[in-house]
Every structure is written in C-alpha cells, then in structure tokens.
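The values are calculated or read from the model by the stated rules, or taken from the named source; none is laboratory data. Predicted model, so just to flag it, every value in this text is computed and none were measured. Cβ placement follows ideal geometry from the backbone for every residue including glycine, while neighbour counts extend to all protein chains displayed. Surface accessibility is based on the protein's heavy atoms, side chains included, excluding ligands, DNA and RNA. Shrake-Rupley method; radii C 1.70, N 1.55, O 1.52, S 1.80 Å.
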Amino acid sequence: MYFQEKARIMDKEAIQRALKRIAHEIVERNKGVDNVVLIGIRRRGVPLAKRLKKFLAEIERKEVPVGSLDITLYRDDLNLRLDQPKVGKTEINFSIEGKDVILVDDVLYTGRTVRSALDALMDIGRPRTVQLSVLIDRGHRELPIRADYVGKNVPTSRKEQIEVRLEEIDGVDEVVIGEWKEE
C-alpha cells in the first residue's frame, strides 16, 4: 500500500494563519486567557497546542499552560487492533479543576478520538468547560461532537485520507489529501 497525494490543501503559511485566527477566537470566546489551559492530543495535537500557546502569548502577553494527553488506552477500537498498542505519556503538570480546557487535535473525523480524550480528561479532573480546537474538520461524524475552533473545513469522501504534516514531527508543515492505493 502507498499513499497517493491528490492535492496540498494547506502550506506552512496557511497553517500559521489558521492557528493565529484560532488563537484570536479563543481569546474572544473566553474573554482573555486567565482561566485557559491547552491540552494537545498526542501526537500532532501537541505541537499544534504549543504553537497556539505562542500566539496566545503574543496576543494577551500571558503564558498559557500546555499539556499533552495520550488516549491510547481509552480508544474504543483497542480490542480490534492486532498489533500491540504503543502507549505514550500524558503530561499535564497543572490542575485542570475549574479551568477552561482547550483540547487540540489535528483532524476531526468520526469524533471517536475526541470521545476518548474526554474520557481520559475526566479521569484527571473536572474542568469548568472543555472546548475543541482542530486544524482540519473533514466531516463524517459518528458521534455528536463538533469543534469550537476550526482551521479549515475540508469535505472528503470516506476513502480519502487527510495527512497533517508538522515540522516538529515530519520535517515539513503541510496538509495534504489523498488515498491509500494497492501497489
């Protein structure tokens, strides 16, 4: 199997613009950032959360705590996977009690990842609110979950795949759409 790219839908500049806009929307909706914390869903949600932190600091001149959340053991498809799951670290070195938590992820698709993240988050504490920020919303929800902040809506077919590539993990900033093909 190989991934056949159809189109690049975001480049580095488009990703930066989307994150800056989302940062402004977070400030507006929460009337500042005094009670806001950012938690990135591993893997690509973590660097996106760190970038949002930078933009929020530029806007508000305040540091927003950032953590990372591993949802591996909360997934509802864990028993369907043949391979051994790779469990990452959850690193949240601050209290989320009574906070406005912004969950950050790269792509919103069925909603199952977000559901898993909510379960994991509730095991850690009880936030005042939980809001969701995603770089890409591709539709096809299976659960009643929607993002509060969206970088770009990208209608897709179910056979298409969205790949978010970030400098911190992949060495390049871009979002591409494509399909997995047989060799």
Hey, does the range 112-127 have a residue that's in a strand (DSSP E or B), touching a residue at least 24 places away in the same chain (Cβ under 8 Å) and within 17 Å of L48 (Cα to Cα)? no
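Does V164 satisfy the condition of being more than 23 Å from R29 (Cα to Cα), of a type in the set (V, I, T), open to solvent by less than 50 Å² (accessible area, probe 1.4 Å) and in contact (Cβ under 8 Å) with a residue 12 or more places away in the chain?
On the way: more than 23 Å from R29 (Cα to Cα): yes; of a type in the set (V, I, T): yes; open to solvent by less than 50 Å² (accessible area, probe 1.4 Å): yes; in contact (Cβ under 8 Å) with a residue 12 or more places away in the chain: yes.
In short, yes.
Among the candidates E5, E97, E28, E63, which residue alone is without any contact (Cβ under 8 Å) to a residue 24 or more places away in the chain, open to solvent by 70 Å² or more (accessible area, probe 1.4 Å) and farther than 22 Å from V150 by Cβ?
Values: E5 fails: without any contact (Cβ under 8 Å) to a residue 24 or more places away in the chain; E97 fails: without any contact (Cβ under 8 Å) to a residue 24 or more places away in the chain; E28 fails: farther than 22 Å from V150 by Cβ.
Exactly one residue qualifies, and that residue is E63.
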